[in-house]
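These notes are about the structure you will find just below.
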């Protein structure tokens with residue numbers, strides 16, 4: 001059975017590769033030549049533009065941080081309503097449908113929507129990141145809420161507490177470490193999402209990236225990418241350290 005499945009997947013893969021032009025040798029050679037020329041034009045990076053980029057990268061970090069926090073505040077009530085161990089399947093199902101709908105919208109489209117609403121600038125980017133965050137944090141959180149030990153929940157329910165009290169005194173304490181870890185991961189990811197927001201005029205370092213591409217200033221683009229990479233790696237490292245501390249404290 002496994003051999004058949006692998007064979008079918010392999011055949012579908014080959015058909016897809018063919019229709020997408022991945023076997024077109026002339027196209028591949030032309031792409032390689034274009035990429036070679038592009039890489040040659042990006043070196044050396046122009047570090048004299050760093051002072052101008054520092055404000056933009058700081059704005060990107062602020063958009064990500066504020067958007068993640070706003071997304072957290074919006075996702076908690078949705079996750080609360082979507083947990084089947086707190087509400088019936090009809091309420092939970094309806095809320096999950098809303099969360100799923102939010103999750104299907106790409107972050108850059110949220111950026112476009114809020115640029116239309118607020119105009120160009122970081123406010124639009126912050127709201128775009130926030131809505132994108134809601135779609136994922138709400139799902140991660142309601143799954144964590146449902147993983148809480150049923151016996152613990154039933155024992156507390158027997159004391160006569162309501163859903164809010166159950167959420168406040170049982171669900172949140174039991175899942176706090178997981179929630180914090182997922183929030184930190186979302187913040188890491190939103191740094192990248194915030195960069196993309198700049199491509200539609202929603203502020204941050206992405207605004208400079210798209211400008212450099214349009215003006216064919218590839219050396220400036222490389223400098224921007226290097227700075228963004230260093231910031232992302234630094235935040236990833238700090239987030240990893242914080243999650244390690246949380247894990248140790250939990251154990």
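The values are calculated or read from the model by the stated rules, or taken from the named source; none is laboratory data. Just so we're clear, the structure is a prediction, and the values are computed from it rather than from any experiment. For neighbour counting, all protein chains shown are included, and Cβ atoms are generated from backbone atoms with ideal geometry for every residue, glycine included.
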task = Given the conditions (1) within 27 Å of residue 225 (Cα to Cα); (2) part of a helix (DSSP H, G or I); (3) touching a helix residue (DSSP H, G or I) at 6+ places or on another chain (Cβ under 6 Å), report the number of the one that residue 202 does not fulfil.
result = (2)
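Every residue, every condition in (1) closer than 22 Å to residue 174 by Cα; (2) touching a strand residue (DSSP E or B) at 6+ places or on another chain (Cβ under 7 Å); (3) modelled with pLDDT under 85, yes or no:
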| position | (1), (2), (3) |
| --- | --- |
| 60 | no, no, no |
| 74 | yes, no, no |
| 82 | yes, no, no |
| 88 | yes, no, yes |
| 146 | yes, no, yes |
task = Look through 84, 36 and report the one residue that is surrounded by fewer than 17 Cβ atoms within 10 Å (Cβ to Cβ) and not in a helix (DSSP H, G or I).
result = 84
ask   = Tally time: how many residues in segment 142-158 are without any contact (Cβ under 8 Å) to a residue 24 or more places away in the chain, in a loop (DSSP other than H, G, I, E, B) and either closer than 12 Å to residue 86 by Cα or touching a helix residue (DSSP H, G or I) at 6+ places or on another chain (Cβ under 9 Å) (or both)?
value = 0
ask   = Quick check, is residue 195 in a helix (DSSP H, G or I), in contact (Cβ under 8 Å) with a residue 60 or more places away in the chain and surrounded by 15 or more Cβ atoms within 10 Å (Cβ to Cβ)?
value = yes
request  = Filter segment 138-161 down to residues that are surrounded by 13 or more Cβ atoms within 10 Å (Cβ to Cβ) and more than 27 Å from residue 186 (Cβ to Cβ), then give me how many there are.
outcome  = 3
query = Given the conditions (1) free of Cβ contacts under 8 Å to residues at least 60 places away in the same chain; (2) over 30 Å from residue 128 (Cβ atoms); (3) part of a helix (DSSP H, G or I), and given that residue 58 satisfies all but one, which numbered condition is not satisfied?
reply = (2)
inquiry  = Just to check your reading of the model, which residue among 105, 99 is closer than 23 Å to residue 196 by Cα and assigned to a loop (DSSP other than H, G, I, E, B)?
reply    = 105
ask   = Just a yes or no: is a residue in segment 172-183 under 16 Å from residue 62 (Cα atoms), modelled with pLDDT of 85 or more and in contact with a helix residue (DSSP H, G or I) (Cβ under 9 Å, 6 or more places away or on another chain)?
value = yes
inquiry  = Please go through (1) surrounded by 13 or more Cβ atoms within 10 Å (Cβ to Cβ); (2) under 26 Å from the mean Cα position of the chain (by Cα); (3) part of a helix (DSSP H, G or I) for residue 233 and return the number of the only condition it doesn't satisfy.
reply    = (1)
note = Checked segment 115-137 for anything crowded, with 18+ Cβ neighbours inside 10 Å and without any contact (Cβ under 8 Å) to a residue 24 or more places away in the chain; matches are none
query = Are any residues in segment 36-47 without any contact (Cβ under 8 Å) to a residue 24 or more places away in the chain and under 18 Å from residue 217 (Cβ atoms), and if so, which ones?
reply = 37, 39, 40
key: Tabulated pairs, segment 91-110, first at pLDDT below 85, second loosely packed, with under 15 Cβ neighbours inside 10 Å and outside any helix (DSSP H, G or I), C-beta under 6 angstrom, 6+ apart or interchain   = 92/84
task = Determine the pairs where a residue that is surrounded by 15 or more Cβ atoms within 10 Å (Cβ to Cβ), located within segment 162-173, has a partner that is at pLDDT 75 or above and in a helix (DSSP H, G or I) with Cβ atoms under 6 Å apart, the partner being 6 or more residues away or on another chain.
result = 167/80; 171/145
